[in-house]
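Asker: There's a structure below that I have some questions on.
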Amino acid sequence: MATPTQLVEESRKLGRTHRLEPDGARDAGKKPRPQRPRRKLAGKAALTLLIVLSAVTGSLAGLTLVYSSDLPQIEDLERYRPSTTTDLYDQKGRVIGSFALQRRIVVNYNDFAPVLRKAVISIEDKDFESHGGINFWRIWGAAWHDIRSKGRAQGASTLTMQLARNLFLSADRTAGRKVQEAFLAIQIERSFTKEQIFTLYANQIYLGSGMYGFEAASQFYFGKHAEDVSLTEAALLAGLPKGPYAYSPVLNPEKALKRRNLVLSEMESDGLITHEEAARAKENPLGLKLTQPESSVAPWFQEEVRRELEKQFGTEQVHEAGLRVDTTLDLDLQKTANSAVLDGLAAYERRHGWKARLQNVTADGSDLESYRHPDWTLKYAAGDYVHAVVTSVLPTMVRGRIGSDEVILQPDDWKWTGQRYADALLKPGDVIYVHLQDGFEGSARKASLEQDSGVQGALMLMDNTTGDVLAMVGGRDYSVSVFNRATQAERQTGSSFKPYVYTTAIEDGAKPDDIVVDGPVSFGSYTPHNYENDYKGAMTLVNAFAESRNIPALKLAAHVGIRKVIDMAHRFGVTSNMPAYLPVALGAVEISLEEQVASYSVFPNDGIRVQPRMIRKVSNADGITLWEDPPQVKEVISQQTARTMMTLLRAVTAHGTGAAASQLNHPLGGKTGTTSDYTDAWFLGFSPSVTCGVWVGFDSRESLGEKETGARAALPIWMTVMKQAIAGKDNERFLGDQGDVKAPLLQASAGPGVAAGAGVAAGAVKADATAGSAGIKPAAATRVSTMPRSSLPGMGAKAITTVPVRSAPKSVSAAAAARPANGPAVKPALPAASEPVKARPVVKPAINPGR
């Protein structure tokens, strides 16, 4: 037993808090202590949990920051406008065309049929009315399905999440995109009603075949509005958002049918339709009534407008901002112009007989049943010219196909070819050109056989006062060739260039009743001839111009100087580069139809040129004007010069090469143009209110054929359009007209003596020394030709002296040496009028341009 001293020593060793008590005292009344290891574990667990929660919270906050930092704000969504169509309107507010990257027609919630709304919700988002943007049960279900299938086969996006993705996000299937979808969906649900969300979705979603939104798709697939669709049609449309291509009724009709029936089954299981209704609907076919896009009434004009708009606003805004574009076009005149050009070219084809240059589908190795011509992508109707493929030929009957429609031709429809029996003309597989008629033979539309040998035509009609382009035709068939021959092609002008020559002479002091000798003449080694290869001797300038005589025009150009003539053409707005050679006076220069029309409008405008324009005003979707294009005008020639030239130009339509226009019984003026070898035929003319130009020719620059002058090939087209353009304007008069419109100089002249009294008596008229006598010799022969003219008021008689032979400029027959054999003209790199003339080999024209 330990002594007390030992106990004290032991307690000192243990420390103050561990004093030992007797064994009995320590055990008496002692409470059980907690287990220290358990308490430590609980503390560690709590700390770990806090750390994990902090990490998760931080991660979520970080993810929220990362994925929401570049998301659009809800204010952006409230201001959001879906990409809509930019519409083009004519002068009377009628739609003539549109531009769009996405074909969409925006409508309101009530414009979607209830059955369509039910079908969409049933197949896409059953809990749409109850969730807050995210369907968590659907997410877990889709995740479990994906795990089991070891892929991502099933989506979990709600209708609101789909809307968010289609509006603002990409189609990439990533976790990040899904998180962004969820954030946006929650914002959308908090800010918009369910009706608003569905309306946005139904107008935004892509449904195949270039259609966005249920309204546009309904019109395309069924030819009706979305509010009018039936149960089966609604089910088909509702099945498209999941796979516009995979379930396209056009590309994959069998898959589309299965998908439609699945939608019907879902609607039945949701209690939206009865079993009987679902069964009946499933028995129905797809019932498509595809609506082909309307062919633009003015495709070349519309393309010119698009180019101008993109210069002003950029491609994105033009195609997506839903602009309203008020153009200068007159829809009625455009329709007339379309028909006039096609009818005029058809008349030309018939004059030159059947050439039998036909493509044959089977000979090319194609399948007759699967053949599709570019014409068939657009709607066609009676009166249209369109290509068809021959399916069967009998001696007295031809059957063909245009898309899925059948056409029939009978003997009178090909009588003009000179062949009595069709099997001598055609065979199955031939691609023919036909003119659709009104009547039907059974289910087949009647048509007449035409020919498309490749001849082209172009037309432009503009308002003299404003420069408004009222009609434009750039070719024969836009679906085959989009090249605009009215604005992009530069062709030789022939005698339609002569107004620039005569204007220069008038500005230099010449008068319409001055006398010039139409006789043999040479300018160095260049010996020109008239179109008729004859000479008419002394004649007035007005008659020489009206009859489009070449020799007088060349003498005038040589007298005033060809450089001045070229400068005059540039003043009128002609931008072509013209060599300083005398044959330019006869139109051996290439100019666009647009520039020619604008130039000719100067004459009825008293010398004022108005720049052609095609757009009057552009407004945004709210009706706010964004841009206006006021008329741009400038003075080109004096009023006196313009009115003097009007005397010459009106003589052409009164008794000259364009005399056929006098049938219209209206104040008119103009000029014909025909180039060497009849490769180009022109007529440009005007009334007091409008100016119109017509060109006919081949892109390949082959000859139109013998005697195919401007008066024959182009003037009839011009007259058809002008008859419509002047309708209701019986009282209009040219500026400066007083009293009777028919001035004496507009009457057919009895001979060159109309104004020659003073001229012939006062002086001699002599042709170039190398050409011999013109029949009227001067008192003293000289090396130069003189053209006496009547006196100006207060002035004596004055004579014009032409350039001597030895100083006459060398020339080439045409400025076309640098142009390609086919396609649009390329401006040759020739010296400008101000540059010195360089020596060149002389090449005479094969045929002198004339009428």
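The values are calculated or read from the model by the stated rules, or taken from the named source; none is laboratory data. As the structure is a computational prediction, the values presented were derived from the model and not from experiment. All Cβ positions, glycine included, derive from the backbone under ideal geometry; neighbour counts span all protein chains shown. When the accessible area is computed, the model is the full protein with side chains, heavy atoms only, and any ligands, DNA or RNA have been set aside. Shrake-Rupley method; radii C 1.70, N 1.55, O 1.52, S 1.80 Å.
Asker: Restricting attention to segment 244-277, report how many residues are farther than 13 Å from L207 by Cβ, β-branched (V, I, T) and not in a helix (DSSP H, G or I).
Answerer: Summing the residues that are farther than 13 Å from L207 by Cβ, β-branched (V, I, T) and not in a helix (DSSP H, G or I) in segment 244-277 gives 2.
Asker: Name the pairs: first residue in segment 384-412 and touching a residue at least 24 places away in the same chain (Cβ under 8 Å) and open to solvent by less than 20 Å² (accessible area, probe 1.4 Å), second residue acidic (D, E) and assigned to a strand (DSSP E or B), Cβ to Cβ under 6 Å, at least 6 apart or on different chains?
Answerer: Sorted first by the residue in segment 384-412, then by its partner, the pairs are V390/D430; I408/E441.
Asker: Could you say whether any residue in segment 521-543 is modelled with pLDDT under 95, out of contact with any Pro (no Cβ under 6 Å at 6 or more places or on another chain), closer than 30 Å to V341 by Cβ and charged (D, E, K, R)?
Answerer: Yes: segment 521-543 contains one or more residues that are modelled with pLDDT under 95, out of contact with any Pro (no Cβ under 6 Å at 6 or more places or on another chain), closer than 30 Å to V341 by Cβ and charged (D, E, K, R).
Asker: Within segment 267-314, how many residues are open to solvent by 50 Å² or more (accessible area, probe 1.4 Å), over 24 Å from H225 (Cβ atoms) and more than 14 Å from the chain's Cα centre (by Cα)?
Answerer: Going through segment 267-314 one residue at a time, the tally reaches 11.
Asker: Oh, and also: Can you name every residue in segment 565-576 that is open to solvent by less than 50 Å² (accessible area, probe 1.4 Å) and part of a loop (DSSP other than H, G, I, E, B)?
Answerer: F572, G573, V574, S576
Asker: Tell me yes or no: at least one residue of segment 364-383 is of a type in the set (D, E, K, R) and closer than 13 Å to A447 by Cα.
Answerer: No, that holds for no residue.
Asker: Can you name every residue in segment 627-673 that is charged (D, E, K, R), closer than 19 Å to A725 by Cβ and open to solvent by 10 Å² or more (accessible area, probe 1.4 Å)?
Answerer: Correct list: R650 only.
Asker: Output the residue which, of all residues in segment 315-325 that are within 15 Å of the chain's Cα centre (by Cα) and crowded, with 18+ Cβ neighbours inside 10 Å, is modelled with the highest pLDDT.
Answerer: Filtering segment 315-325 for residues within 15 Å of the chain's Cα centre (by Cα) gives 315, 318-319, 325.
This time we only want the ones that are crowded, with 18+ Cβ neighbours inside 10 Å, so: 318-319, 325.
Working: V318: 89, H319: 86, V325: 96.
Step by step, filter segment 315-325, then rank; the result is V325.
Asker: What about K224, is it within 17 Å of K289 (Cβ to Cβ), modelled with pLDDT of 90 or more, open to solvent by 20 Å² or more (accessible area, probe 1.4 Å) and among the basic types (K, R)?
Answerer: Yes: the conditions hold for K224.
Asker: Which condition number does G429 fail, the rest of (1) within 18 Å of V386 (Cβ to Cβ); (2) open to solvent by 10 Å² or more (accessible area, probe 1.4 Å); (3) touching a residue at least 60 places away in the same chain (Cβ under 8 Å) being met?
Answerer: (2)
Residue-by-condition table, conditions (1) in contact with an Asp or Glu (Cβ under 7 Å, 6 or more places away or on another chain); (2) in a helix (DSSP H, G or I); (3) free of Cβ contacts under 8 Å to residues at least 60 places away in the same chain:
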| residue | (1), (2), (3) |
| --- | --- |
| G670 | no, no, no |
| D677 | no, yes, no |
| L684 | no, no, no |
| P688 | yes, no, no |
| T691 | no, no, no |
| V694 | no, no, no |
| K707 | no, no, yes |
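Asker: So, of the residues in segment 359-379 that are crowded, with 18+ Cβ neighbours inside 10 Å and within 28 Å of S339 (Cα to Cα), which turns out to be modelled with the highest pLDDT?
Answerer: H373
Asker: On to the next question. If we keep just the residues of segment 94-112 that are β-branched (V, I, T) and touching a residue at least 40 places away in the same chain (Cβ under 8 Å), which is nearest to A298 (Cα to Cα)?
Answerer: That would be I96.
Asker: In segment 516-530, what count of residues is obtained for those that are outside any loop (DSSP other than H, G, I, E, B) and over 28 Å from V636 (Cβ atoms)?
Answerer: Residues flagged as outside any loop (DSSP other than H, G, I, E, B) and over 28 Å from V636 (Cβ atoms) within segment 516-530 amount to 4.
Asker: What's the number of the only condition in (1) open to solvent by less than 10 Å² (accessible area, probe 1.4 Å); (2) among the hydrophobic types (A, V, I, L, M, F, W, C); (3) over 24 Å from S599 (Cα atoms) that A538 fails to meet?
Answerer: Status for A538: all satisfied but (1).
Asker: Taking the options D513, D477, name whichever one is outside any strand (DSSP E or B) and surrounded by fewer than 20 Cβ atoms within 10 Å (Cβ to Cβ).
Answerer: D477
Asker: Which members of segment 633-661 meet the condition of being more than 30 Å from K707 (Cα to Cα) and part of a helix (DSSP H, G or I)?
Answerer: Those that are more than 30 Å from K707 (Cα to Cα) and part of a helix (DSSP H, G or I): Q639, Q640, T641, A642, R643, T644.
Asker: Residue under question is I197, and the condition is that it be outside any loop (DSSP other than H, G, I, E, B) and of a type in the set (V, I, T); does it hold?
Answerer: Yes; evaluated as a whole, the condition is true for this residue.
Asker: Here's a follow-up. What is the one condition in (1) part of a loop (DSSP other than H, G, I, E, B); (2) on the phi < 0 side of the Ramachandran plot that I96 does not satisfy?
Answerer: Only one criterion in (1) part of a loop (DSSP other than H, G, I, E, B); (2) on the phi < 0 side of the Ramachandran plot is unmet by I96, namely (1).
Matching residues to (1) among the small types (G, A, S); (2) modelled with pLDDT of 95 or more; (3) surrounded by fewer than 23 Cβ atoms within 10 Å (Cβ to Cβ):
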{"site": "H435", "(1), (2), (3)": "no, yes, yes"}
{"site": "M462", "(1), (2), (3)": "no, yes, no"}
{"site": "M472", "(1), (2), (3)": "no, yes, no"}
{"site": "S496", "(1), (2), (3)": "yes, yes, no"}
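Asker: Further question on the same structure: As an exercise: evaluate R351 against (1) at pLDDT 95 or above; (2) closer than 26 Å to R485 by Cβ; (3) open to solvent by less than 50 Å² (accessible area, probe 1.4 Å) and give the number of the one condition it does not meet.
Answerer: Only one criterion in (1) at pLDDT 95 or above; (2) closer than 26 Å to R485 by Cβ; (3) open to solvent by less than 50 Å² (accessible area, probe 1.4 Å) is unmet by R351, namely (3).
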